[in-house]
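Written below as structure tokens is the structure these notes are about.
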Amino acid sequence: GSSKELERQFEDPFCWRNSGQLQAMTSTCRAGFTYLSFLAVGTSCGWFVVNGLYNLVANEPKIAKGGQLIGEINRNGAVASLVLCAFFGGYPFLFGKISYRVERWSSTFLILLSLASLLLLSVAWQVPAVVQLCGIFGNIVGNGSILLLFPLIATNYSGWLVAPVRAGTDLSSMISAFLAEAQSSNGVDQRYPTWLLFAFDTGISSMGLLAWCVILKYRIGLRSVLDDAPEKAHESQADLEAVSAVSTAVPSVSNQESLKEYSHNGGCYHGKIRELIGESLQSFACPWSLLAPVVMATL
């Protein structure tokens, strides 16, 4: 019997597929594929466009206008970033918490915007208006990734996947710098044209878009709600009690009867304003267990 078993294993190596070693290998390969997928996403949603523009100004002095163009890129990008941050700061007060669907499609839009900007630069990098427009798009992509993509992954995907996405943003900066250095080491002599440089960047960004589509289609790295629910309920029970304690301290705006009664008792207009402010501030309620990380992150 043992000889037949050895012959069968020799003829069919995959008969060991249920063994612990093969399962461990499969798990390692799956984790590696997941890491590389989110790493590719990071290259498409970070500061790839902005870094490409900085390298463009360095390697193409004729469009730099003595440094004026880089100042205009930074100015327009700063204005776009402030407007974007103001919008996301006021969104919870106006529309409530951003849903998973909105975060997912918004992140997809950011990756598409990055890809479109690099593609546009590969065609019309000589036009100053195009460069400034892509500078605005690049800052929207960079800051939008911080506001949308990173919270999306940290909340709905495995927490460790934030690391490869963040590494991907740094990888895109390194790739952009190496490609620009390979094009021109002194800022004068060029080994290949600028449109080809942006074509390389576009190809790398398209790989990130492909990886993101695969992640969404096959739900790679997505948290299992059924598996995580008991653990989350056990770990966050104290946090929920703390939040509920804060929530009950403020009258609910949705309760129209209590609001009318509160108004008739002397609160009137100012009471309604206080209730609206209190209801809005509930979203900033912080459990005691998270107070130290929040303070450190703020500092």
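The values are calculated or read from the model by the stated rules, or taken from the named source; none is laboratory data. Note that the structure is a prediction, hence the values are computed from the model and not measured. Glycine gets a Cβ as well: all are built from the backbone with ideal geometry, and neighbour counts include every protein chain shown. Heavy atoms of the whole protein, side chains included, go into the accessibility calculation; ligands, DNA and RNA do not. Shrake-Rupley method; radii C 1.70, N 1.55, O 1.52, S 1.80 Å.
Summary table
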read-out	value
Among the candidates Ser114, Ser176, residue that is part of a helix (DSSP H, G or I), polar (S, T, N, Q) and modelled with pLDDT under 95	Ser176
The lone exception for Asn186 - which of (1) touching a residue at least 12 places away in the same chain (Cβ under 8 Å); (2) outside any helix (DSSP H, G or I) it fails	(1)
Residues within region 129-162 that are of a type in the set (Phe, Trp, Tyr), in contact (Cβ under 8 Å) with a residue 24 or more places away in the chain and in a helix (DSSP H, G or I), tallied	1
Every residue from region 113-140 that is touching a Phe, Trp or Tyr at 6+ places or on another chain (Cβ under 8 Å), open to solvent by less than 50 Å² (accessible area, probe 1.4 Å) and of a type outside the set (Ser, Thr, Tyr)	Leu113, Leu118, Leu121, Trp125, Val131, Gly138
Region 69-85 residues that are in a helix (DSSP H, G or I), paired with ones that are aromatic (Phe, Trp, Tyr) (beta carbon under 6 Å, 6 or more apart)	none
Test: residue in region 89-105 that is part of a helix (DSSP H, G or I) and either more than 23 Å from the chain's Cα centre (by Cα) or crowded, with 21+ Cβ neighbours inside 10 Å (or both)	no
Single match in Ser44, Ser27, Ser37, Ser81 (criterion: loosely packed, with under 13 Cβ neighbours inside 10 Å and hydroxyl-bearing (Ser, Thr, Tyr))	Ser27
